[in-house]
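Below you'll find the structure, written out as structure tokens, and then a few comments.
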């Protein structure tokens, strides 16, 4: 615990306040019950351990890269993956789960309001229903309102915690309907219908882009790393004996080829984000798994040729 506290204090001194503030906001949208500086401190410790383990593995398996350089590269990739990638992925997964149940919850609230009860009773009804984390969020909203927070602010805070643009748009419309004194039940029905239409468009986009995504994965993660790995391994085999021996490619070519494969996997992840979701940065959540898979395929291809050549 003492080491974690030291790493936490180090993170609070070194990292910019804006970075910690944004990370704190992202962590609020996940189930990680840590402050930003605490999370960064734990991440720094985990990055060091992963780097040391990678160096030992590199020495044992004799990767093309030198073990210290391999350890540094793994550590450099691990830190942003843990501090940015994992919170982003967890926040997006939670937002998707919230978006999935929101239309039904809004329709239920509209039906309850039409029965003649107030908005507080309608939200209590959502809390008692089985909507998972959405019921927990409404429970928090009800608690905040009972402690003196206005309904508008509590609902908008829920939208911000969700980390979902769809939620922010939906609850902005609901709050606007409340402020204008319109029929809230009709507003809830309209917002619910709008969300279902957005979900339908998203499903159509995913179905339409499935072929392109699979092609990218097959080429960038399997075909190209395998072919490059075979080429480098075959070109590096010594041919003949004595003065006529041909040494093949220099050892540095393996490092260059591995770097090319990893960069290509990173670009592939960004392309998947654009094609699948329309956002390049969303593809970063796939970057580390893609790079690991492509590197493994490259290494397996080299090992196959090495095994055949040694026979």
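The values are calculated or read from the model by the stated rules, or taken from the named source; none is laboratory data. Predicted, not measured: the structure shown is a model, and the values here were computed from it. Using ideal geometry, Cβ is built from the backbone for each residue, glycine included, and neighbour counts are taken over all protein chains shown.
Can you list the helices (runs of 4 or more DSSP H) found entirely within the stretch 7-123 that contain at least 1 residues being within 29 Å of residue 170 (Cβ to Cβ)? It would help to see each step written out before you state the result.
On the way: elements: 17-28, 36-61, 67-80, 86-114.
The qualifying helices (runs of 4 or more DSSP H) are 17-28, 36-61, 86-114.
Look at residue 140 and say whether it is farther than 25 Å from residue 291 by Cβ, in contact (Cβ under 8 Å) with a residue 40 or more places away in the chain and part of a helix (DSSP H, G or I).
On the way: farther than 25 Å from residue 291 by Cβ: yes; in contact (Cβ under 8 Å) with a residue 40 or more places away in the chain: no; part of a helix (DSSP H, G or I): yes.
When the stated conditions are applied, residue 140 does not pass them.
Among the residues making up the stretch 181-201, those that are assigned to a helix (DSSP H, G or I) and out of contact with any helix residue (DSSP H, G or I) (no Cβ under 9 Å at 6 or more places or on another chain) are 197, 200, 201.
Matching residues to (1) crowded, with 17+ Cβ neighbours inside 10 Å; (2) in contact with a strand residue (DSSP E or B) (Cβ under 7 Å, 6 or more places away or on another chain); (3) modelled with pLDDT of 85 or more:
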{"residue": "113", "(1), (2), (3)": "yes, no, yes"}
{"residue": "118", "(1), (2), (3)": "no, no, no"}
{"residue": "129", "(1), (2), (3)": "no, no, yes"}
{"residue": "133", "(1), (2), (3)": "no, no, yes"}
{"residue": "163", "(1), (2), (3)": "yes, no, no"}
{"residue": "172", "(1), (2), (3)": "no, no, yes"}
{"residue": "181", "(1), (2), (3)": "no, no, no"}
{"residue": "184", "(1), (2), (3)": "yes, no, no"}
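Would it be correct to say that residue 85 is in contact (Cβ under 8 Å) with a residue 12 or more places away in the chain, under 18 Å from the mean Cα position of the chain (by Cα) and under 24 Å from residue 269 (Cα atoms)? Criteria met by residue 85.
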